[in-house]
Amino acid sequence: MLKNAKYLVAVLLLASLVGVAVIAQQFRGGRMDAELDEPFHGVVSGDELEKGLFKIESTGVSTQPVMEAADRFLASLTEEQRQRTTFPVDDLEWRKWANVHRYPREGVSFKEMSDEQRTLAFDMMRAGLSAKGLKLSQDIMKLNETLAELANDHEEYGQWLYWITIMGKPSATEPWGWQVDGHHLVINYFVLGDQVVMSPVFLGSEPIRATSGKFKGTEILQAEQNQGLAMINLLSPEQQNTAILESSKPGNNALAQAFRDNLKLDYAGIAGKDLDKEQKSQLMELIGLYVGNMDDGHAKVKMSEVERHIDRTYFAWIGGTQEDSVFYYRVHSPVILIEFDHQGRIAPIRDRTPTRDHIHSVVRTPNGNDYGKDLLRQHYETHSHEHPHDHAHPHP
């Protein structure tokens, strides 16, 4: 009963984020529990996954640094901390992330870590992320502290209210990974050999910049905002007619956030095949802002994968196209899904009108490879293993 009550609280809190009408439908269907009860399939366009997109193969980019950093972090934990921080590589825990600030989380939090443990946790993130990606992650954590100051609430918000879990055992040959989970910052990082899948990734903040307080001057996601706007304005009027789904934006539009692992989402907007060389280059640059949060070597591998599908990459837009407009955009191909959304205010004031001071963004790998699950499936087909843990959501 208590566990169900926690999920009920989480659903009700989520209502303030995505609007009453949408949440009412999700709540009636018990979307959180229903999503976790449903076997993972992945984001799909149409009725079936597109197969054969992802292969187990060497990238030539070493994952030794992140493996060693994860081992050092785990060694710094107490036995009790390790027990609640480590899960099987195929555990359902991967899918239990959420942006909701009160959502119950597993693992060890930065708040309870010693200074040494925090350093080692950041070292693990540093080994898997680019310098840009690490700074962005740390700046989101800082802005959550700014929100705590503005809301005068250090119980729900704060710099250290982020949790780490380790899935599987860090290995050079066997699948494993790590997850960072907290308000406006979620990173899922799967490793198999020298391959990496970093998705889903959720990045955002409210506020977007700190104009006062401990971290005054911190600001995030401005390049993602401004280059998205540059992309829509690089299109001709005729192309904009295809790309713009709606010219007004009265509410929130993000679709692929928490508990949407099996989202059905058709392609929309303008296709890459209908862009000229300069426009394709701008689209690749925009995608690179998100992929570039991975370490440089694996980001290059992912961008090569993205480029192979550039003609089937769709750019869609909702909202205005002026310098000060609020908007939503989506980049969607067989191998990547990116959403950027100006959201309504939640704290310290509540207002459903979208603002540039509250941004959500998400990156997913469609067609079954979020959390590296398609690679994991292929690995299991050729290696003996215990039956997967990610097949049911336990009930009390």
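The values are calculated or read from the model by the stated rules, or taken from the named source; none is laboratory data. It should be emphasised that the depicted structure is a prediction, and the values quoted were computed from it without experimental measurement. Note that we place each Cβ from the backbone using ideal geometry, even for glycine, and neighbour counts take in every protein chain shown. For accessibility, only protein heavy atoms count, side chains too; no ligands or nucleic acids. Shrake-Rupley method; radii C 1.70, N 1.55, O 1.52, S 1.80 Å.
Below, the figures for the structure above:
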quantity: Per residue accessible area in Å² of the chain, where ligands, DNA and RNA are left out and the probe is 1.4 Å; calculated: 42 Å²
quantity: Evaluated at q = 0.13, 0.24 Å⁻¹: base-10 log I(q)/I(0), Debye formula over Cα of segment 118-190; calculated: -0.42, -1.10
quantity: For segment 68-197, projected area of the alpha-carbon convex hull averaged over all directions, nm²; calculated: 7.6 nm²
quantity: Net dipole in debye of the chain [+1 Lys, Arg Cβ; -1 Asp, Glu Cβ; about Cα centre; nearest 20]; calculated: 540 debye
quantity: Evaluated over segment 174-228, the Cα radius of gyration and Dmax, each in Å; calculated: 15.2, 46
quantity: CD proxy at 222 nm, helix term only [per DSSP H run n ≥ 4: -39500 (n - 2.57); per residue of the chain; nearest 500]; calculated: -11500 deg cm²/dmol
quantity: Percentage relative contact order, the chain, counting C-alpha pairs under 8 Å, at least six apart; calculated: 23 percent
quantity: Anisotropy class of the chain from Cα gyration tensor, a/c 1.5 cut; calculated: rounded
quantity: Overall Cα dimensions of segment 317-377, principal axis frame, Å, largest first; calculated: 44, 27, 13
quantity: Residue of 262, 226, 293 that the Gaussian network model of the chain assigns the largest fluctuation, springs spanning Cα pairs under 10 Å; calculated: 226
quantity: Kirkwood hydrodynamic radius of segment 281-390, from inverse mean 1/r over distinct Cα pairs, in Å; calculated: 16.4 Å
quantity: Rg/Rg_globular for segment 152-290, with Rg_globular taken as 2.2 N^0.38 Å and Rg from C-alpha atoms; calculated: 1.32
quantity: Portion, in percent, of the accessible area of the chain that falls on carbon or sulfur, probe 1.4 Å; calculated: 52 percent
